[in-house]
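Colleague: Got a structure here, written out as C-alpha cells. Questions coming.
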Amino acid sequence: MVRRRQLFEGKAKVLFEGPEPGTLVAYFKDDASANNNQKQGVIIGKGVINNRISEYLMVRLGEVGIPTHFVRRLNMREQLVRAVEIIPFKVVVRNIVAGSLAERFGMEEGKPLPRSIVEFYFKDDVLGDPMVLEEHITAFGWSTPQEIDEIMSLSLRINDFLCGLFMGIGIKLVDFKIEFGRLWEEESMRIILADEISPDNCRLWDLKTSEKLDKDRFRQDLDRIEEAYQEVARRLGILPEGNPGDFQGPHLVQ
Ligand code: UDP
C-alpha cells in the first residue's frame with residue numbers, strides 16, 4: 001500500500017497530499033463533533049454518505065457556474081480536491097431562524113427570515129469562532145473588499161441554487177456554513193468554494209413535518225441520526241455503494 005503524507009486532520013475529515021501537484025485527497029470520517037468539540041461521537045456511515053452528498057452538490061453547483069475545489073471522487077470515503085489558500089473565515093447563510101441566531105436574539109426556531117442573512121465567523125477553535133464584521137476582515141487583512149463582494153455574491157448564488165434543489169426533494173434549507181479559498185493560476189487568482197456541503201454543515205428540515213435531517217440530531221441527542229443522513233442521500237437519488245455515473249437524480253416531491 002502506498003503511504004501518503006497526511007497534511008491535516010480535522011474534526012470530520014483528514015487531508016492527504018494529492019497524487020498530482022496542486023491537489024489534496026479529502027478523507028471523510030464518521031467522527032462527529034459539536035459545540036466546539038465539547039460533544040464528540042461517531043455517526044456510522046456518515047463519511048461515505050457525506051462524500052457522496054458533497055460530490056453531488058459540488059457537481060450540480062459547477063454546472064451552474066459556481067467554481068468549487070471538487071475534482072473527482074476516488075472511492076467510498078475519499079475525493080480529490082484542488083489545494084487552495086484557505087480564507088480564514090466561515091460564511092453562514094440563513095433562510096430560517098435556528099441555532100445560534102435563535103439563541104442570540106431570543107427568537108423562536110423556524111421563523112422564515114424576510115431575506116437571507118449572510119454572516120462571517122473567524123476560524124479559530126480556541127476563540128470559539130467569533131462572529132466578525134467586514135470591518136474586521138478588511139482591517140486584519142484577511143480579505144479585500146473586492147474578495148468579500150465576490151464571496152457574498154457566490155454565497156447567495158449557492159444559497160439560491162441549493163434552496164431550489166432541496167425544495168424539489170421536500171427539504172427546507174434552513175442555513176449552512178461554507179468556506180472559500182484562493183486558487184492561484186499563473187498570474188491570476190480566483191475565489192472558489194472549498195468546503196464540503198452535507199448534513200454536517202447544513203440545517204435540513206423536512207418540508208412538511210420540519211423533522212431535522214442533519215447534524216442537529218447529534219447535537220441535540222435525538223435518535224435516528226444515521227437514518228437522517230441516509231434519508232437526505234436517498235431523496236437526492238444517491239446510493240452510497242454506486243459509481244460516479246450511477247446518480248439517478250433527485251426524487252421530486254409534489
Ligand atoms: N456550522 C458549521 N460549522 C460551524 C458553525 C456552524 O457547519 O463551525 C453550520 C451549522 O451546521 C448550521 C449553520 O452553520 O447549519 C449555522 O450554525 P449556527 O451559527 O446556528 O451555530 P450552531 O447552532 O451550529 O452552533
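Colleague: Give I137, I171, I158, I151 a once-over and let me know the one that is buried (at least 18 other Cβ atoms within 10 Å of the Cβ), touching a residue at least 40 places away in the same chain (Cβ under 8 Å), more than 14 Å from the ligand (Cβ to nearest atom) and under 17 Å from the mean Cα position of the chain (by Cα). Full working, then the answer.
Modeller: Working: I137 fails: under 17 Å from the mean Cα position of the chain (by Cα); I171 fails: more than 14 Å from the ligand (Cβ to nearest atom); I158 fails: more than 14 Å from the ligand (Cβ to nearest atom).
Every option except I151 fails the conditions.
Colleague: Could you give me the residue pairs with C-beta distances under 6 Å whose first residue belongs to region 212-226 and is closer than 16 Å to D31 by Cβ and near the ligand (Cβ under 10 Å from one of its atoms), whose second residue is assigned to a loop (DSSP other than H, G, I, E, B) and of a type in the set (K, R) wherever it lies, and which are 6+ apart or on separate chains?
Modeller: Cβ pairs passing all conditions: none.
Colleague: Name the residues in region 54-71 that are within 16 Å of the ligand (Cβ to nearest atom) and surrounded by fewer than 17 Cβ atoms within 10 Å (Cβ to Cβ), would you?
Modeller: none
Colleague: Quick check on this structure: which one of D206, D221 is loosely packed, with under 13 Cβ neighbours inside 10 Å and over 27 Å from E85 (Cβ atoms)? Show your work before the answer.
Modeller: Values: D206 fails: loosely packed, with under 13 Cβ neighbours inside 10 Å.
It is D221.
For every residue, the table says whether it meets (1) crowded, with 19+ Cβ neighbours inside 10 Å; (2) of a type in the set (G, A, S).
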| residue | (1), (2) |
| --- | --- |
| V25 | yes, no |
| R52 | yes, no |
| P88 | no, no |
| A102 | no, yes |
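Colleague: Turning to a different aspect of this structure: Looking only at region 31-45, decide whether some residue is touching a residue at least 40 places away in the same chain (Cβ under 8 Å) and within 18 Å of F180 (Cα to Cα). Don't jump to the end; show me each part of the working.
Modeller: Quick first cut of region 31-45, residues touching a residue at least 40 places away in the same chain (Cβ under 8 Å) only: 32, 34-37, 39, 41, 43-45.
Subsequent filtering for residues that are within 18 Å of F180 (Cα to Cα) retains none.
Within region 31-45, not a single residue is touching a residue at least 40 places away in the same chain (Cβ under 8 Å) and within 18 Å of F180 (Cα to Cα).
Colleague: Further question: Looking at region 115-127, which of its residues are modelled with pLDDT of 95 or more and within 13 Å of the ligand (Cβ to nearest atom)?
Modeller: Result: S116, I117, V118, E119, F120, Y121, F122, K123, D124, L127.
Colleague: Testing L74 on (1) farther than 27 Å from L15 by Cα; (2) of a type in the set (A, V, I, L, M, F, W, C); (3) more than 11 Å from the ligand (Cβ to nearest atom), one condition comes back false. Which one is that?
Modeller: Evaluating L74 over (1) farther than 27 Å from L15 by Cα; (2) of a type in the set (A, V, I, L, M, F, W, C); (3) more than 11 Å from the ligand (Cβ to nearest atom) leaves (1) as the failure.
Colleague: Mind listing whichever residues of region 11-20 are modelled with pLDDT of 95 or more and either in a strand (DSSP E or B) or surrounded by 13 or more Cβ atoms within 10 Å (Cβ to Cβ) (or both)?
Modeller: A12, K13, V14, L15, F16, E17, G18
Colleague: From the list R203, R157, which residue is assigned to a strand (DSSP E or B) and at pLDDT 95 or above? Give the steps one after another, and end with the answer.
Modeller: Details: R157 fails: assigned to a strand (DSSP E or B).
Being assigned to a strand (DSSP E or B) and at pLDDT 95 or above holds for just one of R203, R157, which is R203.
Colleague: Could you look through region 85-114, keep only residues that are in contact (Cβ under 8 Å) with a residue 60 or more places away in the chain and assigned to a loop (DSSP other than H, G, I, E, B), and pick out the one that is farthest from the ligand (Cβ to nearest atom)?
Modeller: Here the answer is G110.
Colleague: Go through region 21-33 and count every residue that is in a strand (DSSP E or B) and either at positive phi or under 15 Å from the mean Cα position of the chain (by Cα) (or both). First the steps, then the outcome.
Modeller: Of the residues in region 21-33, the ones in a strand (DSSP E or B) are 23-28, 31-33.
Now drop any that are not either at positive phi or under 15 Å from the mean Cα position of the chain (by Cα) (or both), which leaves 26-28, 32-33.
Qualifying residue count for the region: 5.
Colleague: Further question on the same structure: Can you list residue pairs whose Cβ atoms sit under 8 Å apart, with the first residue in region 1-25 being free of Cβ contacts under 8 Å to residues at least 40 places away in the same chain and the second being among the hydroxyl-bearing types (S, T, Y)? Count only pairs 6 or more apart in sequence or on different chains.
Modeller: That search, which allows pairs on different chains as well, returns K11/S33; V14/Y27; L15/Y27; F16/Y27.
Colleague: Scan region 136-147 and give yes if some residue there is assigned to a strand (DSSP E or B) and farther than 28 Å from E63 by Cα, otherwise no.
Modeller: Within region 136-147, the subset assigned to a strand (DSSP E or B) is none.
Among the residues of region 136-147, not one is assigned to a strand (DSSP E or B) and farther than 28 Å from E63 by Cα, which makes the answer no.
The values are calculated or read from the model by the stated rules, or taken from the named source; none is laboratory data. If you're wondering where the values come from, they're calculated on a predicted model, not measured in any experiment. Reconstructed Cβ throughout: ideal geometry from the backbone, glycine too, with neighbour counts over all protein chains shown.
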